[in-house]
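Handing you a structure now.
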2 protein chains.
Amino acid sequence: MRVALDAMGGDRAPGIIVEGAIQALREYRDLEVILVGDEKKVKRELSKYRIKGLPLSIIHASQVVEMDELPTSALREKKDSSIMVAARLVKERKAQAIVSAGNTGAAMVATKVVLGTLEGIERPAIAILTPHIYGVSILTDVGANVDCKPQHLLQFAIMGNTYAKEILRIEKPKVGLLSVGKEKIKGNELTKATYDLLAKTSLNFIGNVEGRDIFNGSVDVIVCDGFIGNIVLKTGESLAETMQGMLKKEITKNFLRKLGALLSMGAYRALKKRFDYSEYGGAPLLGINGVCIITHGGAPTLAIKNALRVAGEFINHKVNAHIIEAVKREKI
Amino acid sequence: MRVALDAMGGDRAPGIIVEGAIQALREYRDLEVILVGDEKKVKRELSKYRIKGLPLSIIHASQVVEMDELPTSALREKKDSSIMVAARLVKERKAQAIVSAGNTGAAMVATKVVLGTLEGIERPAIAILTPHIYGVSILTDVGANVDCKPQHLLQFAIMGNTYAKEILRIEKPKVGLLSVGKEKIKGNELTKATYDLLAKTSLNFIGNVEGRDIFNGSVDVIVCDGFIGNIVLKTGESLAETMQGMLKKEITKNFLRKLGALLSMGAYRALKKRFDYSEYGGAPLLGINGVCIITHGGAPTLAIKNALRVAGEFINHKVNAHIIEAVKREKI
């Protein structure tokens, strides 16, 4: 498994990225990493570690798409940016996957332009794992597509279902459509039309699900357009952080509370870990003709390491081949 | 201040409703309550309390719209339902406000049909208070309108702004448009068109806000369509509950943790209270020509009491007159 890692993407690149790569290479035996970025800077970071014997190489890229740049214009001007070079490595079969903590929009546009989409898929979708009371569920799309048509949501559902089956090993994933009520008639024009399409598939479609179902474990794959998905994702992340912050503030208000918190520290740590998105590795860009895993711009080392693991799993389990089969099976 | 209280609405009506009314009447001096519903059942509940001297009356309504009924057809068939009778009391100036924990859709349709909307307002919107790290912000619409046009969102913004000024006493509320990025160009077709309209108003429009801004206190009024708002609301409520449940589970895993939790109990209670929607009273249906405050179907006594308080505040502060003025000022 050879992964092209965007060494320049993210708020703390290339330091954190290189560190994550080394940790992953030490832990995952079959992994090879190509660090794509400014050779000088990457080498300087590498010099901090003992890397002898690790399957690691560098491919130079002279440009970087910054986090706040507009993807389309940035990529037009920066043909030698790390994300473009990484995408071309996959195109030329010199790598099987891309991992990037850089500008999400740029990763999407670069992979879509260079690699194209899978047969039967019009638009790629970002899928994230979101913790619920018993485990995790998949939420897709969380940002790639803001204005969608029913057939796009149908394609997201099929791809999310394949992800759940092949990577999460759920035999018959429960697929739900994010809406404002359980009943078929509840929703907006987009979800009502999508409902009818999903009901005709061979998926285990359980109908509409609501915001509250995201965390109660009643659904494995939650389908929505990227506008809603992005807002739900950021709302959830932020609320989890805010609650933890408020609890911390309350708990340090007096001595007894502090002592109590110290004794039950393990419980807080466990909760924090459950809601730490870094634990889950990156989010796949489903539907790209190639594997691309993206992570937060502020992703820590652990997230980069886990994203490399997830990239390996997508290659190993041939997720893309399974998506193509699934789309054909549903005759869409 | 005379409020028509839907005594039959909600999962535990009329028991909880009557109890909430009595608590409110004992605490808020200027309040008068008309209990609207099955006279026999309401009287049976009232017989459990000492109510002598409380400004309380009953108006009989022979029917109830159930929680899972379709609003439009239910109201067509149930002209004598408690919510319809309550709306007519406001129409006939026998009451100034309605409070209902019943079917939200039915409350919306009944008030809209019987009372109509305020001058310049095409669609009423539900506005809720949502806790953030320093206080509360207003999120609107959270469910009344699934498919919206830009001018509807503009009207929601004006109404939310008036709510923040008159009830929350914020002098120049920061109004934000819920989207997927700060930049003007980020968003879907609806938000991009709405952005341009909001920028032309005299509101303190701070531009797009993201899911993460709901809880960080950076915005006072968050504007979105009812589909998104409803999903965000339910996601938030459910995540808060789930995190509290997970923490409880972790904390009872061993003796030391339990002891610790006992010592810092005050901190948990404070957090729970901050995220308990019952504390904030009901949600106003903004834009109705009359005051209507709705609450959760499962609302406890405290929520009913607080909803009656909020109804009183809306009457006292003449929120509707201020909305009409504000709409005129913006020349929409």
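Mind checking which lysines have their C-alpha under 22 Å from B:Lys184, skipping anything on the same chain fewer than 8 residues away?
Partners found: A:Lys234, B:Lys149, B:Lys172, B:Lys174, B:Lys192, B:Lys200.
Return the distance in nm (one decimal) between the two label points of a simple spin-label model at A:Glu183 and B:Lys248, each offset 7 Å from Cα along Cα→Cβ.
3.1 nm
What spacing in nm lies between the two simple spin-label points modelled at B:Asp30 and B:Ser57, each 7 Å away from Cα in the Cβ direction?
For B:Asp30 paired with B:Ser57, the spin-label model returns 2.0 nm.
Okay, next question. Which of B:Leu203, B:Leu70, B:Leu154 moves most in a GNM of chain B, Cα contacts under 10 Å?
Maximum fluctuation in the GNM of chain B, among the listed residues, is at B:Leu70.
Here's another thing I want to ask about it. Could you list log10 I(q)/I(0) for segment A:121-241 at q = 0.10, 0.15 Å⁻¹, which the Debye formula gives when each Cα is one point scatterer?
-0.25, -0.57
Would you work out which of A:Ser202, A:Leu178, A:Ser264 lies farthest towards the positive end of the dipole of chain A? Charges go on Cβ: Lys and Arg +1, Asp and Glu -1.
Looking along the dipole axis, the top candidate is A:Ser264.
Highest GNM mean-square fluctuation, chain A, Cα pairs closer than 10 Å: which of A:Lys186, A:Lys41, A:Lys258?
A:Lys258
Rounded to a whole number of µm²/s, how large is the Stokes-Einstein D of segment B:181-229 at 10 °C and 1.306 mPa s, given Rh as the Kirkwood radius over C-alpha pairs?
Estimated diffusion coefficient is 138 µm²/s.
Evaluate the charge dipole of segment B:77-145 about its Cα centre and quote only its size in Debye, nearest 20, assuming +1 on the Cβ of each Lys and Arg and -1 on the Cβ of each Asp and Glu.
It works out to roughly 240 debye.
Also, quick follow-up: What does the charge count around B:Arg257 come to, taking other residues whose C-beta lies under 13 Å from its C-beta (Lys +1, Arg +1, Asp -1, Glu -1)?
Every neighbour counted, the sum reads +4.
Would you calculate, for the protein assembly as shown, the mean residue ellipticity at 222 nm contributed by helices, counting each DSSP H stretch of 4 or more residues as -39,500 (n - 2.57) and dividing by all residues, to the nearest 500?
About -14000 deg cm²/dmol.
Going through segment B:67-153, which trypsin sites (Lys or Arg not before Pro) have at most 15 other Cβ atoms within 10 Å and a DSSP loop state?
For trypsin sites (Lys or Arg not before Pro) across segment B:67-153 that sit outside H, G, I, E and B with at most 15 neighbouring Cβ atoms in 10 Å, the list reads B:Lys79, B:Arg93, B:Lys94.
Then there is this: When DSSP assigns beta bridges and you keep just the ones with both residues in the protein assembly as shown, what percent turn out antiparallel, to the nearest 5?
Taking every DSSP beta bridge within the protein assembly as shown, about 25 percent pair in antiparallel fashion.
Let me ask you something else. Using only alpha carbons, build the gyration tensor for segment B:1-136 and give me the equivalent ellipsoid semi-axes, biggest first, whole Å.
24, 20, 15
Read phi for every residue in segment B:290-295 and hand back ³J(HN,Hα) as whole Hz from Karplus 6.51 cos²θ - 1.76 cosθ + 1.60, θ = phi - 60°, with x for Gly and Pro.
x, 9, 9, 10, 10, 9
Using just the alpha carbons, could you tell me how many Å³ per residue the convex hull of chain B encloses?
Cα-based convex hull of chain B, divided per residue, equals 145 Å³.
Follow-up question, since we're still on this one. What fraction of the Cα pairs in segment B:40-106, stated in percent, has a spacing above 19 angstrom?
For segment B:40-106, the share of Cα pairs beyond 19 Å comes to 41 percent.
Of the lysine pairs in segment A:1-129, how many meet both conditions: Cα atoms under 24 Å apart, and a spacing of 8 or more in sequence or different chains?
22
Rule-of-thumb check for segment A:91-185: C-alpha Rg over 2.2 N^0.38 Å?
1.20
If you filter segment A:183-286 for GluC sites (Glu not before Pro), then keep DSSP loop positions with at most 13 other Cβ within 10 Å, what is left?
Sparse-neighbourhood loop GluC sites (Glu not before Pro): A:Glu183.
Nearest-to-axis residue of chain A, judged by Cβ, for the A-to-B rotation, with distance in whole Å?
Value returned for chain A: A:Gly260, 2.
Another question, then. Sequence-distant or interchain residues sharing an amide H contact under 5 Å with B:Ile58, placed H: which?
Here B:Leu35 satisfy the definition.
I would also like to ask the following. Can you give the extra length, in nm with one decimal, that the chain gains between A:Lys172 and A:Val113 once fully stretched, where that is 0.36 nm per residue apart less the Cα-Cα distance?
Extending this stretch completely gives an extra 17.9 nm.
Additional query: How much net charge surrounds A:Ala74 when only the other residues with a Cβ under 13 Å from the Cβ of A:Ala74 are counted, with Lys and Arg +1 and Asp and Glu -1?
-2
Pick from B:Leu129, B:Leu46, B:Leu25: which residue has the top mean-square fluctuation in a GNM of chain B where Cα pairs under 10 Å get a spring?
Highest fluctuation among the options: B:Leu46.
Per residue, how big is the convex hull around the C-alpha atoms of the protein assembly as shown? Give it to me in cubic angstrom, could you?
It comes to 168 Å³ per residue, whole-number rounded.
Cα-based Rg of segment B:222-318 per 2.2 N^0.38 Å, rounded to two decimals?
Relative to the 2.2 N^0.38 Å estimate, segment B:222-318 comes out at 1.40.
Alpha carbons only, please: Rg and Dmax for segment B:251-306, in angstrom.
In order Rg, Dmax, the Cα atoms of segment B:251-306 give 17.4, 57 Å.
Which net charge results for the neighbourhood of B:Pro124, defined as the other residues with beta-carbon distances under 14 angstrom from its beta-carbon, given Lys and Arg at +1 and Asp and Glu at -1?
Surrounding charge for B:Pro124 is -2.
Amide H to amide H under 5 Å from A:Lys174: which residues, 5+ apart in sequence or cross-chain, H placed 1.01 Å off N in plane?
Amide H neighbours of A:Lys174: A:Asp220, A:Val221.
Rounded to the nearest 20 Debye, what is the dipole magnitude of chain B about its Cα centre when Lys and Arg each give +1 and Asp and Glu each give -1 at the C-beta?
860 debye
Could you pull the copy-to-copy label distances for A:Gly217, with points set 7 Å along Cα to Cβ, in nm to one decimal and sorted shortest first?
3.5
Through the Karplus equation 6.51 cos²θ - 1.76 cosθ + 1.60, θ set to phi - 60°, convert the phi angles of segment B:16-28 into ³J(HN,Hα) values in whole Hz; use x for Gly and Pro.
My calculation for segment B:16-28 gives 4, 5, 4, 4, x, 4, 5, 4, 5, 5, 6, 9, 9 Hz in order.
Say a label goes 7 Å from Cα toward Cβ at B:Arg29 in every copy; what distances in nm does this one have to the rest, shortest first?
8.1
Further question on the same structure: Taking the simple approach of a point 7 Å from Cα along Cα-to-Cβ for both B:Ile133 and A:Arg76, what is their distance in nm?
3.8 nm
Determine ³J(HN,Hα), in whole Hz, for all residues of segment B:185-198 in sequence, where each value follows from phi through the Karplus function 6.51 cos²θ - 1.76 cosθ + 1.60 and θ = phi - 60°; x replaces Gly and Pro.
For segment B:185-198, the Karplus-derived couplings read 6, 7, x, 9, 4, 5, 6, 4, 5, 5, 3, 4, 5, 5 Hz, x marking Gly and Pro.
Follow-up. How much of the DSSP bridge set in segment B:12-168 is antiparallel, in percent, rounded to the nearest 5?
About 45 percent, rounded to the nearest 5.
Also, quick follow-up: List the distances, in nm to one decimal, from the label point of B:Ser202 to the label points of the same position in every other copy, shortest first, placing each label point 7 Å from Cα along the Cα-to-Cβ direction.
Computed spacing set for this position: 6.4 nm.
So, in Å, what gap is there between the alpha-carbon centers of segment A:286-332 and segment A:179-235?
Cα centres, segment A:286-332 to segment A:179-235: 22 Å.
Tell me which residues come under 5 Å, amide H to amide H, from A:Cys292 once H is placed; ignore anything under 5 positions away on its chain.
A:Ile98, A:Leu285
Each reported figure results from applying straightforward, stated rules to the coordinates on display, with no laboratory input. All figures in this text were calculated on a predicted structure; none of them were measured in a lab. Every residue, glycine among them, receives a Cβ derived from its backbone with ideal geometry; neighbour counts consider all protein chains shown.
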